[in-house]
Structures are given as C-alpha cells and as structure tokens.
Amino acid sequence: MLDPDIQALVEMGDTIGAIGLQQQRHGGSVLAARKAVEDARWALTQKRGAALDASGSEIDELIRRGEKIEAIMRHREVHGVSLQEAKEAVDARALALAPAPAPASGTLVVDPELAAALRSDQKINAIKRYRELYGVGLKDAKDAVEAIMAGTAAPPAPPAPPAPEPTLTLQPELDRLIAAGQKITAIKHFRTVRPEFGLKEAKEAVEARIAELAAAPAAPAPVAPEPAGLQPELDRLIAANQKIMAIKHYRTIYPGIGLKEAKDAVEAYMAKPRG
C-alpha cells in the first residue's frame, strides 16, 4: 500500500514523480520503488476497468461489438485520462465482460499463485500473474489463461529473456538542450534518465550544469574573412575621423549585426596600429 500522496500521483498519471517520491521516502533501489508504483498503477487500472460502465452503457456496448478504439476514445472523453490509461481500463473491462469458463481439473499449473487465482475464478489476477511469469503481452496472457481454464493448454515454458532496451544516457543530450536554451526540457530529460530525483533536485542539478558550462572558457571563434566591399572604404572613413559613417558602412556590409556590435568592431579597427 502506497502513502496517500504517492497514490495520488499514481492516480494523476505522474508515474515518474511517484517513483521518485517512493524511493526518497522509503529508501531501497529505484527498481523496488518502480515495482511498488507499477503494482499500484495496475491495481488502479483493474479497479477502474472492472467498474467501467458496468450497467451496460455505451462503452460496454462498443466493447461487445469489438470497437475497441472507439471505446478507448469514449473512455478518455468521459474520464479525462491519458491514452495509455484508457487503453488499459478498456482492456480490463473487456476481460471483465468476457465469459469465464470453469478451470479444468486436468490442466497442470505449476505456479501456486497462478493456480490459486484460477481455482478462485479470479481471471484478471491470473492474467496479471501469467504476465509476471512469462513476460508476455496482455492479449497473449489472456489467451493463455483462457486456454488453461478451458483445459486445452498447459502453461508454456518461460521464453528467452527479451533483449534489454537501449539505456537512456544523460549526456550528450543534456548539454545539447542546455546549449539550445531549453532548460525545462533539460530538466525533464534529467528526470527521465534519473527517475529517483524529484523535480527540485533535477532542477538544481541542471542549473549546476548550466553554471559549470558557463564557467568553462569558450573556444575561440574562427576568424571569418572580411567580405568584399568592407575595405578600403572602412579605412578611409576611419582616417577621415568619420566614426558614425564608418559604423553605418560596417552595418551595410554586415546587415545581420546590431548597432553595438558594429560600434565595437569599428572601434577595434580604430585601435589597430597603422603602418
């Protein structure tokens, strides 16, 4: 059972925030915190799905007709949840609406928890446990559980472990977002890679990195060749002490720079020793 405020984050769909708060408050590894939050999210989804329009409503009718996408869209309209939450709720409701045959006594089920769920006719719990055991999707688990309950199949051998998903890395994406001035996106990226950090800690870490990058000496910019037309007119105006005209001429040749930059450039030319 999660703390009430962590449960509230789960119900609002803030999984990352819930994981971070769970790990910060109760210690342990991030994986343990993630499992606790995912278990709570699963239970919430099943509760919503099993109770979803249980009186033969419009969504139930869409599910019975096999119009799953329309049912998900309607569920989002009614309950204001995310696409993933609506999909899981409709899937759970579809399981609740499906007829559940009695378990066949001749079917061998080795796992005690799965066997207990099947004996108690707890189809949703059996599907959840099947997914935990074999790492399959919701539909595959549903089909397998229904086959076991019908006595037409025994649990398969566990499949080979899936290839690990690519690991998100903090760098170089963090520095790229900072260089682009996307501080908020940089904080989100930090929390995605390091979910054990809360919003405040992630913000402080990103700001520390911004300060670190600002303190580092910048690489000298390459000297661009002077465009055609800048000289000898610029030197002539400087020699004639026509500083304002020289600045205007400079901005004519470099139309993309501001007045201050043009003034600084002309003054730098004026400071150069003349042969």
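The values are calculated or read from the model by the stated rules, or taken from the named source; none is laboratory data. All values reported here derive from a predicted model rather than from experimental measurement. Cβ: placed from backbone, ideal geometry, glycine included. Neighbour counts: every protein chain shown.
Tabulated values for the structure
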item	result
Selection status of ILE63, surrounded by 17 or more Cβ atoms within 10 Å (Cβ to Cβ) and modelled with pLDDT of 75 or more	yes
Segment 88-113 residues that are charged (D, E, K, R), paired with ones that are modelled with pLDDT under 80 and not in a loop (DSSP other than H, G, I, E, B) (beta carbon under 8 Å, 6 or more apart)	GLU88/THR45; GLU88/GLY49; ASP91/GLY49; ARG93/GLY49; ARG93/ALA50
Residue list for segment 253-264, filter: over 11 Å from LEU234 (Cα atoms) and assigned to a helix (DSSP H, G or I)	LEU259, LYS260, GLU261, ALA262, LYS263, ASP264
Members of segment 13-30 that are under 16 Å from TRP42 (Cβ atoms) and either modelled with pLDDT of 80 or more or part of a helix (DSSP H, G or I) (or both)	THR15, ALA18, ILE19, GLN22
